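Asker: Before I ask anything, here is the structure I am working with.
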Amino acid sequence: MLIKTSDTNLVKTFLSKLTLPKHNSHKGQNGRVLIIGGSSLFHSASLWAAEIASHFVDMVHYSSTVENEKIFLSLKKKFRNGMVIPKEKLMEYVKEDDVILVGPGMMREGKEGEYALNIVKSLIESFLEKQYVFDAGALQMMKPEWLLQLKTPAIVTPHQKEFEKLFGISILDRSLIEKEKIVKETAKKYKIIILLKAIIDIISDGNEVYLVEGGNSGLTKGGTGDILAGLTAALSSTNPTLISSVSSSILLKKTGDKLFQSKGYWYNIGNIIETIPEVLKENIL
């Protein structure tokens, strides 16, 4: 199914599938997300994921490498919408939270790369039934066969080169029809949901396939993938994972459309984070 963000009626119809917070809900009933990410080099990536998630869930918990945690704590003057949790309590929060996002800003080499590899492996082995979203550094360090161990289908959010790195299949120069077929087959093989980030996003759970077209070149900025991962994790805490993945793609591209009207291509990550809730409100309420 092709969804163009310019098709307002189709966008509203799809986004209407998302669950709104119930008027009589209590703290914690509208989602709890744990984000594991960041590094000494890429500390902002996981912060962006945490910022967007904080708009949509009741609680965001954050854990990072020792090298990055000090940096993130210093950023608490700006980010007050979640909790930085100590390493020794990480597994307690994994048990408690609805969705675990792993990978934004994680390193692919050195001591921090080794940490990324070990934490993904440990989480999968210890918590087979948790809902995971794997992104960025996690995708570049993990083995695809690990995904088959999970009892709850994970969401993976690769760009085209990360897809090749993880699954060993080059798709960069393939036609859209070929990419669609490969994504569907790979999702079915590994029993996961794939959200392939591209000019036209391709999302599949191995049965259904959605193509999302829209946005503009302003979305090529570093950080949009981290926002997409954080948004997908947040929506998945209270919604079916396929609907959440497609909705996140729609919202990010639709936000690019909206920002283009006032800023052209020259909007930044902060603009995107602040505008996504507005776009959802305009298309769901």
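A short reminder: the numbers here are calculations on the coordinates, not readings from a lab. Since this is a predicted model, take the numbers as computed values, not measurements. When we count neighbours, we look across all protein chains shown, and the Cβ atoms used for this are built from the backbone with ideal geometry, even at glycine.
Asker: Which value at 222 nm does the chain reach when only helices count, each DSSP H run of 4 or more adding -39,500 (n - 2.57), with the total divided by all residues and rounded to the nearest 500 deg cm²/dmol?
Answerer: Calculated at 222 nm, the ellipticity per residue is -14500 deg cm²/dmol.
Asker: Under a point-charge model restricted to the Cβ atoms of Lys and Arg (+1) and Asp and Glu (-1), what is the dipole moment magnitude of the chain relative to its Cα centre, in debye to the nearest 20?
Answerer: 320
Asker: Give me the log10 of I(q) over I(0) for region 176-285 at q = 0.18 Å⁻¹, as the Debye formula computes it from C-alpha points; what are the numbers?
Answerer: Log10 I(q)/I(0), no solvent term: -0.87.
Asker: Right, another one. Residues with amide H under 5 Å of residue 213's amide H, sequence separation 5 or more or different chain, H placed in the peptide plane at 1.01 Å from N; which?
Answerer: 3, 4, 5
Asker: Could you pull out the longest piece of the chain with no exposed loop trypsin sites (Lys or Arg not before Pro) in it, calling a site exposed if DSSP puts it outside H, G, I, E, B and it has at most 10 other Cβ atoms within 10 Å?
Answerer: That gives 152-285 as the longest site-free run.
Asker: At q = 0.12 Å⁻¹, what base-10 log of I(q)/I(0) does the Debye formula yield for region 92-210 when every alpha carbon is treated as an equal point scatterer in vacuo?
Answerer: Here the Debye-derived log intensity ratios amount to -0.41.
Asker: Hey, can you list the DSSP H helices of the chain whose Cα span along the axis is 20 Å or longer and whose average Kyte-Doolittle score is at least -0.5?
Answerer: Those that pass (Cα extent of 20 Å or more, hydropathy at least -0.5) are 110-126, 241-263, 269-284.
Asker: Relative contact order (percent) for the chain, with alpha-carbon contacts under 8 angstrom and 6 or more residues of separation?
Answerer: Taking the mean separation of contacting Cα pairs over the length of the chain, I get 21 percent.
Asker: Quick one: Debye curve from the C-alpha atoms of region 175-226, no solvent, what's log10 I(q)/I(0) at q = 0.19 Å⁻¹?
Answerer: Taken in order of the listed q values, log10 I(q)/I(0) reads -0.64.
Asker: Going Cα to Cα from residue 165, which lysines come in below 16 Å? Please leave out same-chain ones fewer than 8 positions away.
Answerer: Cα-Cα hits under 16 Å: 143, 179, 197.
Asker: What fraction of the DSSP beta bridges in the chain is antiparallel, stated in percent and rounded to the nearest 5?
Answerer: Percentage antiparallel, nearest 5: 25.
Asker: Given N residues in the chain, what is its alpha carbon radius of gyration divided by 2.2 N^0.38 Å?
Answerer: Cα Rg divided by the expected 2.2 N^0.38 Å: 0.93.
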